[in-house]
Structures are given as structure tokens and as C-alpha cells.
Amino acid sequence: LDSEWVESVGREEVWTALSEGPDGLEELRALWERCLDTYRLHPLFVNLLKEQGSRQRGFGNVILRRLHEEQGLSPHLETAFFEQWYLEDHSREELEANAEQVLEEVAGDVPGENLWTQVQKYRVLAKGALPALFEAETGTTDGLDDVIGRPLNASTVAGRIEEARQQIESESDRPVRLLLLLDEITLFIGTRYGLLTELNALAEALDEVGDG
């Protein structure tokens with residue numbers, strides 16, 4: 001459970017709701033309390049049932065989409081990858097202002113106040129905005145595909161999860177443990193048995209990045 005949420009509600013109240021009050025769980029509760037004292041626990045919950053009909057998406061795609069959503073990035077991976085690249089050298093305010101300027105040039109008058117939120121949501125706007133922003137930054141559109149077309153292998157996904165954990169930890173007074181919770185795995189896999197291989201590779205990559 002999220003450490004911040006537990007502390008805001010109260011440990012006693014949360015434990016009572018989880019355990020329904022039976023005795024004999026003192027050792028488990030002591031372990032839970034030690035985890036809360038030692039770490040900031042940050043769950044990342046992914047409801048795979050929502051993605052069941054997305055036949056082209058594997059575990060890496062779905063997990064990164066959920067991670068980006070939590071970080072305020074676009075749910076579309078190409079746009080989110082571009083945001084990460086652009087925000088390395090610019091503030092979000094600069095991104096939003098520059099996006100508004102290039103959209104006016106490539107798409108005319110687009111209604112709405114924060115146009116970048118529309119770029120995040122609609123691929124058709126991203127197809128116009130991303131090349132223009134990239135060219136304004138680098139002087140060419142060459143290399144854009146390398147930014148937005150990153151391979152989604154297990155190591156890449158695990159690395160992105162670790163980067164997110166480190167970012168949260170940089171703003172915390174305790175070490176952070178990011179808990180990846182995947183719900184409805186069996187239904188998501190269905191008859192796509194290749195996803196079992198992907199899930200196993202991702203688990204191994206996370207184990208390696210997380211040092212066990």
C-alpha cells in the first residue's frame with residue numbers, strides 16, 4: 001500500500017481494515033510496520049483487464065503506459081518518449097508554450113487553452129507537433145525516430161521503472177520501494193502464450209535492476 005496514503009489514513013485504521021481484526025497476525029503486522037518505517041512504499045497498479053482487447057500490446061507497452069500516466073506524460077508511447085527527451089533541457093512550461101507556437105504554424109487555430117494536453121491525447125496532433133518541435137530544437141528532423149521509436153525489450157522497460165523509482169526517491173526522505181502490481185494476468189494473456197515469455201523476461205530484468 002502507498003505509504004503516504006497509509007499515514008494519511010492512519011496505520012491502525014488501515015491494518016484493522018486489512019486484517020478484519022483477527023488475532024495471531026502480530027508477526028506480520030510487525031513486518032508491515034518495519035517496512036513503513038524503513039521505506040516509502042509506492043505501488044504502481046496495472047489493471048490488465050482494461051487492456052484485454054488490445055491485441056498488439058504486450059506487458060511492456062501496458063506497464064509503460066500506466067507509468068507515464070502517473071508521471072503526467074502522454075499515454076501514447078511515442079509522444080511520451082518525446083516528452084522525456086524534450087524535458088531533459090526544458091521546463092514543462094516551455095514545452096507547452098513552444099507546442100502552442102508550432103501547432104499554430106502546422107495546424108492553424110487549434111481550440112483549447114493548454115494545447116499540449118491535446119497533443120498528448122491525439123496522435124494526429126502529435127504527428128504535426130513532434131517533428132516541428134524537434135526541428136526547432138535540433139535544426140533537422142533527422143534523428144526523431146530514434147527518440148520516439150525506442151525498442152520495448154525487457155531491459156528497457158525495467159530501466160524506465162527504475163528511473164521512475166529513483167525520481168520518487170530523490171524527493172523522499174527514505175529509500176523508495178516501487179511495487180508493481182499486475183491484476184488479471186491470466187485473462188490478459190489468454191491464448192497469446194508468447195506473453196508468458198515476455199513476462200518472465202521482464203521479471204528477470206526487474207530482479208536484476210532491483211538487485212533481487
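The values are calculated or read from the model by the stated rules, or taken from the named source; none is laboratory data. As the structure is a prediction and not an experimental result, all values here were calculated from the model. Backbone-built Cβ (ideal geometry, glycine too); neighbour counts: all protein chains shown. Quick note on the areas: whole protein, heavy atoms, side chains included, nothing else; ligands and nucleic acids left out. Shrake-Rupley method; radii C 1.70, N 1.55, O 1.52, S 1.80 Å.
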Subject >> the chain - mean residue ellipticity at 222 nm from DSSP helices (-39,500 (n - 2.57) per run, n ≥ 4, rounded to 500) >> reply: -19000 deg cm²/dmol
**OP:** Just add up the charged neighbours of A30: K/R +1, D/E -1, any other residue whose Cβ is under 13 Å from the Cβ of A30.
**Re:** -1
Original post:
Most mobile of G139, G159, G24 per a Gaussian network model of the chain (Cα springs, under 10 Å)?
Top reply: G24
**OP:** Over the chain, with every protein chain in place, what whole percent of the accessible area is carbon and sulfur at 1.4 Å, could you tell me?
**Re:** 49 percent
Original post:
Comparing L67, L95, L48, which has the greatest mean-square fluctuation in the GNM of the chain with Cα pairs linked when under 10 Å apart?
Top reply: L95
Original post:
With charges only on Cβ, +1 for K and R and -1 for D and E, what is the dipole size of the chain about its Cα centre, in debye, rounded to 20?
Top reply: 920 debye
Original post:
Among [x] 1.04; [y] 1.35; [z] 1.06, which one is Rg/Rh (Cα atoms, Kirkwood Rh) computed from these coordinates?
Top reply: [x]
Original post:
Which net charge results when you count Lys and Arg as +1 and Asp and Glu as -1 among the other residues whose beta-carbon is under 12 Å from that of I148?
Top reply: -1
Original post:
How far is helix 59-70 tilted off the main Cα axis of the chain, in degrees rounded to 10, range 0 to 90?
Top reply: 80 degrees
Original post:
Can you give the accessible area per residue of region 1-85, in Å², using a 1.4 Å probe?
Top reply: 55 Å²
**OP:** Compute the signed sum of charges (Lys and Arg +1, Asp and Glu -1) over the other residues within less than 13 Å, Cβ to Cβ, of R40.
**Re:** -4
Original post:
Averaged per residue, what accessible area in Å² does region 161-212 show with a 1.4 Å probe, protein chains only?
Top reply: 65 Å²
**OP:** Rank R165, R40, R192 by mean-square fluctuation in a GNM of the chain with C-alpha springs under 10 angstrom and give only the top-ranked residue.
**Re:** R192
